[in-house]
Amino acid sequence: MSDIGNGRTATYSSRLVIIGFGGAFPSLPKRLLAEEYPNLQISEFRTVRETLDDVDEAPELVLIDENCCCELVEDCHDAKTKFGRAQIALAYSGASVSTECLHVFLKERAVDSFLPMDICIDAWLATIGLLLKGGRHIPPDLVSGLLSKQFEGDSPATKTAATKPDCPAAIRILTPRELEILDLVALGHQNKIIAADLGLSENTVKLHLHHIITKLNVSNRTEAAAHYHVYRAAK
């Protein structure tokens, strides 16, 4: 964990907690944050659990890397208790957050806002300012995707075709938790049973499965299980 701040006068004092990013939040936005909000105290942590263990004072804003989203959903209750009224924003890059993930986040109330990391810096800083003051932000493209999902549904025919990755190599990039869940899926267990076995919510299991299916570049849990059986047989 690291703390960054300076003693210049500001119109208000705030605390920002950053989680993920390999413990190394990009230097340019960090420097610009210090310039735009001189009295902002920034603390960085690698994981949600490390943050929950080490943070003593509730911040105004928690900015969490998209790669930590499953951990956040698992620890949602503890995070909400620890952070109190803090805004929790998911930072993401590139393609929009998937509709499936968005549904889980909103249903579990794991996050309050979504912050694209690849928008122009002025808009990014302004959004941070909004969140620090208690405002919320959901980018229009996420809202459009959510409405599209609700009224039209996701058709498999609309998915972009792609070359499937080498099965063993793809399996090896899964996290320990994802492997644990995929192992149970391959045994034929349903989400409700997996959730009970692992002490997770059913929505958390669904979110992990979404990430597994995306990483393996397959269409559904059945294909993912088939890949896993091939992987196990080759070991």
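Structural remarks
- Candidates THR222, THR214 - the one that is without any contact (Cβ under 8 Å) to a residue 40 or more places away in the chain and of a type in the set (Ser, Thr, Tyr): THR222
- Being closer than 23 Å to TYR231 by Cβ and either of a type in the set (D, E, K, R) or modelled with pLDDT of 90 or more (or both) holds for only one residue in LEU182, LEU132, LEU125, LEU174, and it is LEU182.
- Tallying residues that are closer than 20 Å to LEU102 by Cα and not in a helix (DSSP H, G or I) within the stretch 219-235 yields 2.
- One residue stands out among those in the stretch 19-35 that are over 16 Å from the mean Cα position of the chain (by Cα) and outside any helix (DSSP H, G or I): the one that is farthest from ASN67 (Cα to Cα), which is PRO26.
The values are calculated or read from the model by the stated rules, or taken from the named source; none is laboratory data. Since we're looking at a predicted model, the values are computed, not measured. Methodologically, a virtual Cβ is constructed for each residue, glycine included, from the backbone with ideal geometry; neighbour enumeration extends over all protein chains shown.
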